[in-house]
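Colleague: Shown below is the structure under consideration.
No value in this document is a laboratory result; all are computed from the given coordinates. Note that the structure is predicted; figures quoted are calculated from it, not measured. Neighbour counts run over all protein chains shown; Cβ positions are idealised from the backbone, glycine included.
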Amino acid sequence: MHGRKPCNFFRRETTATALREVFSTFGLPDPDIRGQTSGNAASLGPFILEDLRQRPAKLLYLTGDKNRDTISRILTEGGISLEPLQVYETRGSSTFESSLATALAPCPKSGKHWWIVFFAPSAAAFVTPILRKYFILESRNSESQGLLPSKIAAIGQTTDAFLQEDLHLHVAAMAQKPAPENLISIIKLQDAEDP
């Protein structure tokens, strides 16, 4: 480590907070956390490059099985060497459709729209074919007979781009930063403008 404390880069404060709690639980010194307010991969990548500009670096890149290449591409193009390590795998629930049907059964088929909020491209890819059976998703190919009206929101830019470009869905609202208060605020604003 050459006498330097290792630093940890995160794009969200919630992840940084969780790491601080783990360190505290095990009596470890506070971690050096950076980038936690960047909000998305496209902002975190340049932040890391700037932060590491003055020193050569190889980063341990902890990742999942469904992440996009945004950060890795930005860092590699910026001359940072990565050591990727997959630490989790995303899988859809085998009971999602039946749970959704049960939850929606008592709901009237008409009335005000539902908000469907997507938090990750991988989840969107898994649930969208199922959601199409129950909701009007405002895509070019939806049939509305017997389906519930809905509007779509995305937690951030990456998910928004996936929904529009890959799934061809109309996204009515996108949080500028991936935080609950930002998401709620943009949904309320959109509802006020287009109830």
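Colleague: Sort region 144-195 into rounded, prolate or oblate with this rule: let a ≥ b ≥ c be the square roots of the eigenvalues of the Cα gyration tensor; rounded if a/c is under 1.5, and if a/c is not under 1.5, prolate when a/b is larger than b/c, oblate otherwise.
Modeller: Oblate, because a/c is 1.5 or more while a/b does not exceed b/c.
Colleague: Hey, another quick one. Give me the dipole magnitude in Debye, nearest 20, for region 7-88 about the Cα centre, with unit charges on the beta carbon: positive for Lys and Arg, negative for Asp and Glu.
Modeller: Here the size comes out at about 140 debye.
Colleague: Which far-off residues, 5 or more places away or on another chain, put their amide H under 5 Å from the one on Asn8, with H placed in the peptide plane?
Modeller: Close amide H contacts, sequence-distant or interchain: Asp32, Ile33, Arg34.
Colleague: Using the Karplus equation 6.51 cos²θ - 1.76 cosθ + 1.60 (θ = phi - 60°), what ³J(HN,Hα) coupling, rounded to whole Hz, does each residue of region 62-79 give in order, writing x for Gly and Pro?
Modeller: 7, 9, x, 7, 10, 6, 7, 8, 4, 5, 4, 5, 4, 5, 4, 5, x, x
Colleague: Considering the options Val127, Ala153, Ala175, tell which one lies farthest towards the positive end of the dipole of region 99-193, charges being +1 on Lys and Arg and -1 on Asp and Glu at the Cβ, about the Cα centre.
Modeller: Farthest along the dipole direction, towards plus: Val127.
Colleague: Only Cα pairs under 8 Å and at least 6 apart count here; give the relative contact order of the chain as a rounded whole percent.
Modeller: 14 percent
Colleague: How large is ³J(HN,Hα), in whole Hz, for each residue of region 152-162 in order, when computed from phi with the Karplus curve 6.51 cos²θ - 1.76 cosθ + 1.60 and θ = phi - 60°, using x for Gly and Pro?
Modeller: After applying 6.51 cos²θ - 1.76 cosθ + 1.60, I find 10, 10, 10, 6, x, 4, 5, 5, 4, 4, 4 Hz.
Colleague: Could you compute the longest span of the chain free of GluC sites (Glu not before Pro) located in DSSP loops and having at most 11 other Cβ atoms within 10 Å, not counting the site residues?
Modeller: 1-88
Colleague: Please list the non-local residues whose amide H lies under 5 Å from the amide H of Leu59, H modeled 1.01 Å from N, same-chain partners needing a gap of 5 or more.
Modeller: Ser81, Leu82, Glu83
Colleague: For region 99-193, give the magnitude of the charge dipole about the Cα centre (Cβ charges: +1 Lys/Arg, -1 Asp/Glu; no others), in debye to the nearest 20.
Modeller: 280 debye
Colleague: Scanning the chain for trypsin sites (Lys or Arg not before Pro) in DSSP loops with at most 11 other Cβ atoms within 10 Å, what's the longest stretch left with none?
Modeller: With trypsin sites (Lys or Arg not before Pro) excluded where exposed in loops, the chain gives 141-195 as its longest stretch.
Colleague: Let me ask something else. About the Cα centre of the chain, what is the dipole size in debye to 20, counting +1 per Lys and Arg Cβ and -1 per Asp and Glu Cβ, all else neutral?
Modeller: Dipole about the Cα centre, nearest 20: 200 debye.
Colleague: Something else about it: Tell me which residues come under 5 Å, amide H to amide H, from Ser150 once H is placed; ignore anything under 5 positions away on its chain.
Modeller: Correct list: Trp114, Ile136.
Colleague: I've got another one for you. May I ask you to evaluate 6.51 cos²θ - 1.76 cosθ + 1.60, the Karplus curve with θ = phi - 60°, for each residue of region 172-187 and list the ³J(HN,Hα) values in order in whole Hz, giving x for glycine and proline?
Modeller: With coefficients 6.51, -1.76 and 1.60, one gets 7, 8, 9, 5, 5, 10, x, 9, x, 5, 5, 5, 4, 4, 6, 5 Hz.
Colleague: Rounded to the nearest 500, what is the chain's calculated 222 nm mean residue ellipticity when only DSSP H runs of at least 4 contribute -39500 (n - 2.57) each, over all residues?
Modeller: Mean residue ellipticity at 222 nm (helix-derived): -10500 deg cm²/dmol.
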